[in-house]
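A.B. asks: Quick one: this structure, given as structure tokens, is what I'll be asking you about.
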Amino acid sequence: MRSRGYYKNQTRFDRRLGTKPCDGRSVTDDPQLILDVFENKRKLDDSFRQWRLEDGVNWILGFQAYVDDKNGTLKPQFKDSYIFKRGEIILVDFFGHFGAELTYEHPAIILADTYDGIIIAPISSSCYNDGVATHVSLRNNVQDLGGMKNNCGIKLEQSRFISKRRVLMKFNRVTNTVKLNEIDEVLMQTLTPYSYKLMTTHQAQLLTTITAKEVELEAKDEEIAKLNRKIQLLEQQLRDDQQEETAS
């Protein structure tokens, strides 16, 4: 197979000519490209034959959906215009992965709907209460935690943008405010650690200031209470003096 550098050069813009080498050409104009495709298909076929049946089934389902999407024949469960709500639990086909990335069908939680897609984080039963800082646990059979059948965890370090066409099914929704706030806090710590540190430092400073003001306020309240007691005594003394004058 030709090198990656060779192929990238075909798509690199030439400022002097104002074009790319690949402009105006189709795949069939490069026979070697076709041969390279078939060579990699052969390698995949050799590898595929050694997979477990379960992996093979999951792979072909994801690959078929990928091909249908590229051919314009995919019939997604949810249209691109569908609006998902934050906290909704969905089933996603994560076909196509490198290394430790999750793949195939997995539940996930909606973090945000961006209209042209969604930002999600995958859910796995293997990371429930595992102590990893970027994992947020969901206890099973709790309605406002999504009503999950099994204890599981949200893998926020694998948050990503995906097309709504990957969504296969929609389940319940996490509505627990405390849990949603926990998810947001972990996301801030993970994605914007510097800003999160500034925010928490500022919050601590504000809390210190508020505590000091509360102490001052309590002291002022005590002073006011003492003055009120003095006023009451003086008023009582005044009434007593007036009664003595009247009696005399």
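The values are calculated or read from the model by the stated rules, or taken from the named source; none is laboratory data. Please read all numbers here as calculations on a predicted model, not as lab measurements. Neighbour counts run over all protein chains shown; Cβ positions are idealised from the backbone, glycine included. Accessible surface areas use protein heavy atoms only, side chains included; no ligands, DNA or RNA. Shrake-Rupley method; radii C 1.70, N 1.55, O 1.52, S 1.80 Å.
A.B. asks: Identify all residues within the stretch 158-174 that are of a type in the set (A, V, I, L, M) and buried (at least 21 other Cβ atoms within 10 Å of the Cβ); write none if there are none. It would help to see each step written out before you state the result.
C.D. replies: Within the stretch 158-174, the subset of a type in the set (A, V, I, L, M) is 162, 167-169, 174.
Across the stretch 158-174, the qualifying residues are V167, V174.
A.B. asks: If you check K79, K75, K85, K43, which single one turns out to be basic (K, R) and outside any loop (DSSP other than H, G, I, E, B)?
C.D. replies: Among K79, K75, K85, K43, only K43 is basic (K, R) and outside any loop (DSSP other than H, G, I, E, B).
A.B. asks: OK, next. From (1) more than 27 Å from I60 (Cα to Cα); (2) surrounded by 10 or more Cβ atoms within 10 Å (Cβ to Cβ), pick out the condition that doesn't hold for N40.
C.D. replies: Exception for N40: condition (1).
A.B. asks: For K155, work out the one condition from (1) touching a residue at least 24 places away in the same chain (Cβ under 8 Å); (2) open to solvent by 50 Å² or more (accessible area, probe 1.4 Å) it doesn't fulfil.
C.D. replies: Here K155 meets the rest and fails (2).
A.B. asks: Between T28, T19, which is exposed (fewer than 10 other Cβ atoms within 10 Å of the Cβ), β-branched (V, I, T) and either modelled with pLDDT under 95 or out of contact with any Cys (no Cβ under 8 Å at 6 or more places or on another chain) (or both)?
C.D. replies: T28
A.B. asks: Being among the aliphatic types (A, V, I, L, M), under 30 Å from N181 (Cβ atoms) and open to solvent by less than 80 Å² (accessible area, probe 1.4 Å) is the filter here, so list the residues in the stretch 193-248 that pass it.
C.D. replies: Across the stretch 193-248, the qualifying residues are M199, A204, A212.
A.B. asks: On the basis of being part of a helix (DSSP H, G or I) and either acidic (D, E) or open to solvent by 60 Å² or more (accessible area, probe 1.4 Å) (or both), does V57 make the cut?
C.D. replies: Taking the combined requirement at face value, the residue satisfies it.
A.B. asks: Just give me the residues in the stretch 136-152 being open to solvent by 30 Å² or more (accessible area, probe 1.4 Å) and within 19 Å of E185 (Cα to Cα), in sequence order.
C.D. replies: Selection gives R139, D144.
A.B. asks: Does F78 count as aromatic (F, W, Y) and either surrounded by 13 or more Cβ atoms within 10 Å (Cβ to Cβ) or in contact (Cβ under 8 Å) with a residue 40 or more places away in the chain (or both)?
C.D. replies: So F78 passes the test.
A.B. asks: Ok, one more. Return the residue satisfying two criteria in turn: it lies in the stretch 103-120 and is part of a strand (DSSP E or B) and farther than 14 Å from M148 by Cβ, and of such residues it is modelled with the lowest pLDDT.
C.D. replies: So, considering only residues that are part of a strand (DSSP E or B) and farther than 14 Å from M148 by Cβ, the one modelled with the lowest pLDDT is E105.
A.B. asks: If you scan the stretch 89-111, which residues turn out to be surrounded by fewer than 16 Cβ atoms within 10 Å (Cβ to Cβ) and at positive phi?
C.D. replies: Scanning the stretch 89-111 gives G96, G99.
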